[in-house]
Amino acid sequence: MTSSHGGKKMWCVGELDEEYIFKMEDVLKIYEKPLSEREPVVCVDEKPVVLHKDTRPSIPMQPGQVARRDYEYERCGTANVFCGIEPKAGVHFTKVTPTRASPEFANFILEIAAHYPAADTIHLVMDNLSTHTRKALGDRFTVHYTPKHGSWLNQAEIEIGIFSRQCLGKRRIGDISTLRCQAKAWNRRTNRDKIKIQWKFTRKLARLKLNYSFKRSQH
C-alpha cells in the first residue's frame, strides 16, 4: 500500500526479513509471467461494506439545482464483497456475500475455477487470512501468499479501490440485494471493457528500491 507525505507517495512495507523477501519474490515472479490460458494468474481479496439507507427521501437534481440528500442515515448492517482479477487479461470476479466466512470464500473460489476449465493450474495471489484455507481452495490452484504486512503486493487491492470508487462511490446502499445488483452491473461493465492493471513493480525494481539481495538458488 502507499501513504502520502508532503504530497509524495511512499511504499509502506513490513520488516524485510527472510520470509518477507521470499514471499514477495514469489509473488513478483508470478506477476512477470506472460499471459497464459493454461496457467492464469488471479488475485483475490475482500472488502467489508457498511450498509446505509436514507431516513428521508432525497431531492433529485433539477435545472439550476444539484441533488440534495439529508445528512442523517440509518445503518442497516454490513456485507462483504469478494473481488478478484486476472490483471493481464482484464477478467474480473465480484461476489457479494453476507460475511467472509470460509464456505462463502470457497464458493467464490469455485466460481473462479469454473471460469478456467482448460487451465492446468490457476495461480492464486492472496493474503494469508484464516478464511483462506487450503481446504477451501481444492486442488486446481497454486497459491502464492503475500507476506505479512505485504498486502500492497496483492493487485486485488487495486481492484477493490476501483470497485469502491466506481460502484460504491458516495451513495448509500441500504440492503444486500441492491448491493448485489450494483456489483453485478459493475462486473459486467468491467469485463466488457476488459479493464486491466499495468503492474510495474518487478523483482529487479524491488531489489533496487528496497536494497536487498536474493540468492539465485531460491529463484
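Only one of N187, N191, N211, N154 is on the phi > 0 side of the Ramachandran plot and not small (G, A, S). Can you tell me which?
Step by step, each of N187, N191, N211, N154 is checked, and only N211 is on the phi > 0 side of the Ramachandran plot and not small (G, A, S).
Restricting attention to the range 74-132, and to residues there that are farther than 24 Å from R188 by Cβ, of a type outside the set (S, T, N, Q) and assigned to a loop (DSSP other than H, G, I, E, B), which single residue is modelled with the lowest pLDDT?
Going through the qualifying residues, I end up with H132.
In the set S177, S213, which member is touching a Lys or Arg at 6+ places or on another chain (Cβ under 7 Å) and without any contact (Cβ under 8 Å) to a residue 24 or more places away in the chain?
Of the residues listed, the single one that is touching a Lys or Arg at 6+ places or on another chain (Cβ under 7 Å) and without any contact (Cβ under 8 Å) to a residue 24 or more places away in the chain is S213.
The values are calculated or read from the model by the stated rules, or taken from the named source; none is laboratory data. The model shown is predicted, which means the values in this text are computed figures rather than measured ones. Quick reminder, even Gly has a Cβ in these numbers, built from the backbone with ideal geometry, and neighbours come from all protein chains shown.
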